[in-house]
């Protein structure tokens with residue numbers, strides 16, 4: 001029986017101004033699995049400025065090398081610059097697979113890398129398996145309603161993986177050596193320039209990384225109520241905050257909170273949907289939650305069809321009671 | 001100024017997708033097709049920029065079977081000036097689409113390509129980024145606000161991008177590829193007058209071969225299957241019962 005050649009995998013790490021995004025570990029887990037299946041090895045590439053802590057956080061997962069491109073020109077993840085450096089590294093290391101965890105960072109940059117390498121790409125992969133002398137991939141389509149089995153031809157395969165589909169890997173002991181990546185700023189493209197980034201509310205975890213996500217929908221009438229009730233309950237539970245598209249569209253919540261087909265995909269242990277009706281586009285973002293609980297005034301709301309626990313009620317009564325009783329406990 | 005807007009023909013977002021029994025594709029019987037919603041947002045943005053700037057030619061492009069003419073006519077009914085259909089009946093992937101768009105770009109020399117950030121059928125979110133790489137030009141993905149030219153920087157676009165971490169503003173040198181996110185605008189409705197006008201606007205047809213592109217896809221879909229759904233659980237009657245279930249049964253709080 002044929003089996004694939006040993007793979008040379010390159011994982012692209014994601015961080016937030018020097019702090020590792022834990023979702024990166026899903027891509028590391030996937031790379032480890034591929035290497036275990038084929039007898040290959042993997043490297044992790046980290047780009048940015050002052051990223052020592054990111055390299056440190058990734059040192060014990062069994063990467064052959066940690067490739068670190070630490071340079072002021074890479075301070076912001078601009079796609080033209082990042083894609084060029086990543087493509088150069090992929091070529092220099094002879095990578096046969098290039099992957100990252102699906103996010104707006106990787107979805108912005110990796111397709112650009114794929115095209116530079118004349119490689120095909122798959123997004124939102126949930127499984128990779130050797131088949132004959134090649135691999136098959138599972139990926140989600142149609143707002144998460146369809147799972148496609150796909151092959152990817154060519155000498156380099158580029159893909160992003162769903163964070164929820166690969167559990168964080170065990171630490172492997174020995175520290176991976178750090179290899180510095182030369183960055184020549186004069187050879188980098190400069191068609192894109194960073195201007196600013198909105199300040200984020202501090203103190204709450206990101207919904208893609210949190211163990212508990214409390215999410216609010218149309219039932220909330222304004223930003224103050226949303227913050228007091230959804231934010232308040234999230235804080236009591238130590239969770240992250242999310243919202244439906246309806247609230248973002250009406251300006252009550254910022255874009256970065258949106259969960260769903262075109263927003264974030266979350267996979268917490270508990271997803272608590274408050275006053276969310278459950279449009280299929282929203283449900284696409286919470287399919288991998290371990291437990292879904294929902295509170296909605298409308299007993300016919302579609303979210304009840306996917307909720308492990310449903311409570312019919314007005315969020316303006318139920319949520320204050322939840323906050324009060326959970327605080328006491 | 002010339003703006004190129006690719007339009008993909010996709011099943012209407014409100015359609016419930018059914019799969020063929022053998023998993024070879026979706027069952028298109030009785031399915032209503034429309035312009036990919038993100039592409040409609042991209043086109044609306046081009047139209048609004050024209051309203052502001054004045055002399056802007058808007059070219060819409062679709063790649064696929066003859067039926068894509070419907071979406072091109074709809075795009076011209078919204079206000080695009082002319083249309084180009086690249087007839088192709090076999091499967092394509094994002095890289096092949098990007099290569100075809102690259103050939104069209106080189107022929108048409110637009111100042112800007114505005115496209116949807118992803119198509120709602122395959123949810124790939126790649127073609128725009130790949131096109132920018134093939135052309136060696138800048139990109140701004142997932143944009144929710146666009147400021148074009150004017151002031152001190154007539155050759156630049158200022159774009160507000162929706163990222164996981166929040167809103168980010170970047171400046172990109174034109175020509176560039178911009179991909180539209182939901183909040184960029186709300187596409188206008190097509191009027192009867194628009195539909196009448198669209199019938200008289202030019203719709204050219206070509207093929208990948210005529211454009212000199214080999215569109216052989218790298219990705220091949222072997223099979224589609226319905227994703228396992230979640231099942232409804234139990235209804236609880238009180239807040240106390242909900243807390244008790246989450247704590248003692250599910251053990252998640």
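Any read-out appearing in this document is the output of simple, stated calculations on the displayed coordinates, not a laboratory observation. Bear in mind the structure is a predicted one, so any value in this text is a computation, not a measurement. Here the Cβ positions follow ideal geometry from the backbone for every residue, glycine too, while neighbour counts run over all protein chains shown.
Peptide A:284-296 has a mean of 3 when you count, residue by residue, the C-beta atoms of other protein chains within 10 Å of its C-beta. Legend: ranking of residues B:181, A:314, A:206 from fewest to most surrounding C-beta atoms inside 10 Å; resulting order A:314, A:206, B:181.
Against the main long axis of the alpha-carbon atoms of chain A, helix A:104-116 sits at an angle near 30°.
Once divided by 2.2 N^0.38 Å, the Cα radius of gyration of region A:8-187 becomes 0.96. What angle, in degrees between 0 and 90 and rounded to the nearest 10, separates the Cα long axis of helix A:24-38 from the longest principal axis of the Cα atoms of chain A? That works out to roughly 50 degrees. Remark: relative contact order (chain A) = 15 percent; criterion is Cα-Cα distance under 8 angstrom and separation of 6 or more residues. Taken over the protein assembly as shown, the convex hull of the Cα atoms encloses 164 Å³ per residue.
Measuring nothing but alpha carbons in region A:64-105 and taking Rh as the Kirkwood radius, the Rg to Rh ratio lands at 0.95. Of the two radii for region B:78-139, the radius of gyration is 0.95 times the Kirkwood radius, both from the alpha carbons; that is the Rg over Rh value. Once divided by 2.2 N^0.38 Å, the Cα radius of gyration of region A:133-284 becomes 1.34. In this structure, residue A:75 and residue A:204 have a Cβ-Cβ separation that, at R0 = 22 Å, corresponds to a calculated FRET efficiency of about 0.30.
Across q = 0.13, 0.14 Å⁻¹, chain A modelled as identical point scatterers on its alpha-carbon atoms has Debye log10 I(q)/I(0) values of -0.99, -1.10, in the order of the q list. Result for chain B in a Gaussian network model with C-alpha springs under 10 Å: among B:30, B:75, B:147, the largest mean-square fluctuation is at B:30. Counting Cα-Cα pairs of region B:126-222 in 5 Å increments starting at 0 gives whole-percent bin shares of 3, 10, 13, 14, 14, 15, 18, 10, 2, 0, 0. The mean number of partner chain beta-carbon atoms within 10 angstrom of a residue's beta-carbon across peptide B:179-191 is 2. Protection proxy ranking for A:236-244, A:167-175, B:164-172, B:78-86, using the average of other Cβ atoms within 10 Å per residue and placing the highest first: A:236-244, B:78-86, B:164-172, A:167-175. Ignoring solvent entirely, what values of log10 I(q)/I(0) come out of the Debye formula for region A:212-328 at 0.10, 0.18, 0.22 Å⁻¹ when each Cα is a single scatterer? These q points yield log10 I(q)/I(0) values of -0.23, -0.81, -1.29. Computed on the Cα trace of region A:262-308, the radius of gyration divided by the Kirkwood hydrodynamic radius gives Rg/Rh = 0.93.
With a Förster radius of 22 Å applied to the C-beta separation of residue B:216 and residue A:127, the computed FRET efficiency comes to 0.30. Placing a pseudo-label 7 Å from each Cα along the Cα-to-Cβ vector at residue B:206 and residue B:82 gives an inter-label distance of 1.1 nm. For peptide A:99-107, the mean count of partner chain Cβ atoms within 10 Å of a residue's Cβ comes to 3. Along its three principal directions, the equivalent ellipsoid of region B:174-216 from the Cα gyration tensor extends over semi-axes of 28, 23, 10 Å, largest first. Once the Cα atoms are used to define both axes, helix B:69-78 deviates from the longest principal axis of chain B by about 80 degrees. The modelled label-to-label distance between residue A:222 and residue A:187, using points 7 Å beyond Cα along the C-beta direction, is 5.8 nm. Normalised Debye scattering of region B:1-115 at q = 0.13, 0.16, 0.19 Å⁻¹ gives log10 I(q)/I(0) of -0.52, -0.75, -1.01, counting only Cα atoms as equal scatterers and leaving out solvent. Taking the average, over residues, of other Cβ atoms within 10 Å as the packing measure, peptides A:218-224, A:31-37 rank A:31-37, A:218-224 from highest down. Sorted into 5 angstrom bins from 0, the C-alpha pair distances of chain B split as 1, 6, 12, 16, 17, 14, 11, 8, 5, 4, 3, 3, 1, 0 percent.
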